[in-house]
1. Pairs, please: C-beta under 9 Å, at least 6 apart or cross-chain, first residue over 18 Å from G53 (Cβ atoms) and in the stretch 11-23, second among the aliphatic types (A, V, I, L, M) and part of a strand (DSSP E or B)?
2. Could you grab the pairs with beta carbons closer than 7 Å, sequence gap of 6+ or different chains, first residue in the stretch 39-53 and closer than 15 Å to V12 by Cα, second one of a type in the set (A, V, I, L, M) and at pLDDT below 95?
3. Can you pull out the residues in the stretch 50-78 that are among the small types (G, A, S) and surrounded by fewer than 18 Cβ atoms within 10 Å (Cβ to Cβ)?
4. Take the residues in the stretch 26-68 that are acidic (D, E) and assigned to a loop (DSSP other than H, G, I, E, B), then tell me which one is nearest to the chain's Cα centre (by Cα).
Amino acid sequence: MLVERGLQALNVELVSDAYAIAANYLRRSGAIPDTLVTNERLLEIIIKLLQHGELNKIRLANKAIGRFETQSEARAVA
């Protein structure tokens, strides 16, 4: 299934799967709250990675986790 977001067509299933993997890890590590609310920052990271050509859901999730944690550390220092 494809959905238009701006001029880019995104694979909703890929984004959904990668988000679920990354969010589950980040919830368990305490980096994001354990709620049903979508973390917009994590979702943005995943979409940007997808737009830059990452199509494997496991690599997409792992890269998103890394970027999310890096950004969180930078925000904590600032």
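The values are calculated or read from the model by the stated rules, or taken from the named source; none is laboratory data. Quantities reported herein were computed from a predicted structural model and do not represent experimental measurements. Cβ placement follows ideal geometry from the backbone for every residue including glycine, while neighbour counts extend to all protein chains displayed.
1. Qualifying pairs under 9 Å: none.
2. Every condition considered, the pairs that remain are I46/V15; I47/L10; I47/V15; L50/L10; L50/L14; L50/V15.
3. From the stretch 50-78, those among the small types (G, A, S) are 53, 61, 64, 66, 72, 74, 76, 78; that's our starting set.
Passing the criteria: G53, G66, S72, A74, A76, A78.
4. Of all residues in the stretch 26-68, those acidic (D, E) come to 34, 40, 44, 54.
After this cut, where a residue has to be assigned to a loop (DSSP other than H, G, I, E, B) as well, the list is 34, 54.
Working: D34: 15, E54: 12 Å.
Looking at the filtered set, the residue picked out is E54.
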